[in-house]
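Down below is the structure, laid out as C-alpha cells.
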Amino acid sequence: MSFNTEITETNEMVVDASETAAVPAEPMDLPIHEASKRKRKKRTNLKSKATKTAVQDTASAKPEFQRKENVSDEVVIRFDNVTKVYHLYDNDRWRFLGLFKNKEKDKHATHIEANKNLSFEIKRGEAVAFLGRNGAGKSTALKMITGVTQPTSGTVEVAGPVSALLELSAGFDSRLTGRENIRLRGQILGMTDKEIDRVMPKVIEFADLGVFLDQPMRTYSSGMRARLGFAFAVQTDPEILIVDEALSVGDRAFRTKCIKRIKEIMQDDNLTVLFVTHSSSMAKKFCSRGIVLNKGVKEFEGGLDDAMEYYTEHFT
C-alpha cells in the first residue's frame with residue numbers, strides 16, 4: 001500500500017510541475033487580489049467545461065424504448081364528420097319502444113352526443129395518442145374503429161384488421177372452456193382454422209392459465225378472463241393496434257410481460273398504433289402525434305409535444 005501511495009504522490013508532483021511550466025507565472029508586482037481573481041476565473045472555466053460535457057452526455061443518452069416510425073401516404077383510418085348519439089330512457093318500456101320509430105320516445109329520452117362532428121385521418125405506420133378526460137369520447141371513437149358500435153351520422157373508414165386492448169374479457173362465452181373461446185374469437189374475427197391453430201399455442205403459453213384452460217370460463221376470475229383476452233389480442237398479427245391506458249392485467253409479473261410484448265409488437269414499422277393514455281411519459285415513448293378530445297369534440301390535433309402542452313394547460 002505504501003509503495004502505491006508513493007507512486008501516486010510522485011505522479012501528482014509531475015503533473016503539477018507541467019501545469020506550472022505551461023501557465024505563465026504571476027508577475028511579482030501583481031496585487032494579491034488580482035492574482036486571486038485570475039485563479040477564480042480559471043476554476044470557473046474548468047467548472048463550465050465539466051458541466052457542458054455532462055449535459056452533452058445526458059443528451060446523447062438513449063431512451064429506454066423508442067418506436068421506429070415509417071409513415072406512408074396511405075390513410076388507414078378516416079373519420080368524416082362523425083357523430084355518435086346515445087339515447088338514455090326513463091325505463092325499460094321506453095327503451096324497448098326506442099328500437100322502433102315512435103314520436104313519443106323522444107319525450108322520454110336524454111340524448112348524449114359522445115362524439116360530435118369528429119374528423120381526422122391516420123396514416124399507415126403512425127402512432128397517435130388520444131388525450132382527454134374521462135367521458136371525452138375517446139372510447140366511443142375507438143369502438144367505432146373496431147366496429148363494436150356504428151356512428152349515428154358521418155363516415156368511418158378503416159383499412160386493415162384491428163386488434164384492440166380495450167375490454168379484454170368482452171365476447172367470451174362463459175359456458176365454453178378457455179381453449180374453445182380462443183377458437184370462437186378467432187372465428188368471429190374471420191380467421192381460418194389454420195390461422196387459429198398457428199396462434200393457439202402462443203396464446204396458451206402467454207396466458208399461462210394452467211389447468212383452467214380446459215375449464216368452463218364461468219369458473220374464471222375477472223383477472224383470468226382478462227389474461228386470456230390480452231394473450232389473444234397480442235398474439236395475432238394486426239395492422240392496427242389500439243392500446244388502452246388500462247393495462248393492469250393480472251399480477252405484477254404478468255403486467256411486465258404485457259408491456260414487453262406491446263413494445264415488441266410496436267417495433268413493426270407498418271403497424272398503426274392508437275394509444276389512449278393520461279401519462280405523458282408513456283405517450284412520448286410510443287407516439288409522435290396527438291389528438292385532444294373534450295366532450296366528444298376534437299379540440300386540438302398536432303405534434304405530440306404541442307398536444308400534451310394543450311391538454312396540460314386546459315384540462316389538468
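The values are calculated or read from the model by the stated rules, or taken from the named source; none is laboratory data. The shown structure was predicted, so the numbers you read here are calculated from the model rather than taken from an experiment. Neighbour counts run over all protein chains shown; Cβ positions are idealised from the backbone, glycine included.
Here are the numbers for the structure shown:
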read-out	value
Residue identified as part of a strand (DSSP E or B), within 28 Å of the chain's Cα centre (by Cα) and modelled with pLDDT of 90 or more among 157, 195	157
Flag for residue 288 being of a type in the set (S, T, N, Q) and in contact with a Leu (Cβ under 8 Å, 6 or more places away or on another chain)	yes
Sole exception among (1) under 17 Å from residue 186 (Cβ atoms); (2) within 19 Å of the chain's Cα centre (by Cα); (3) buried (at least 18 other Cβ atoms within 10 Å of the Cβ) for residue 244, by number	(1)
Residues satisfying the stated conditions in segment 266-316, i.e. among the β-branched types (Val, Ile, Thr), outside any loop (DSSP other than H, G, I, E, B) and under 14 Å from the mean Cα position of the chain (by Cα)	272, 273, 276, 291
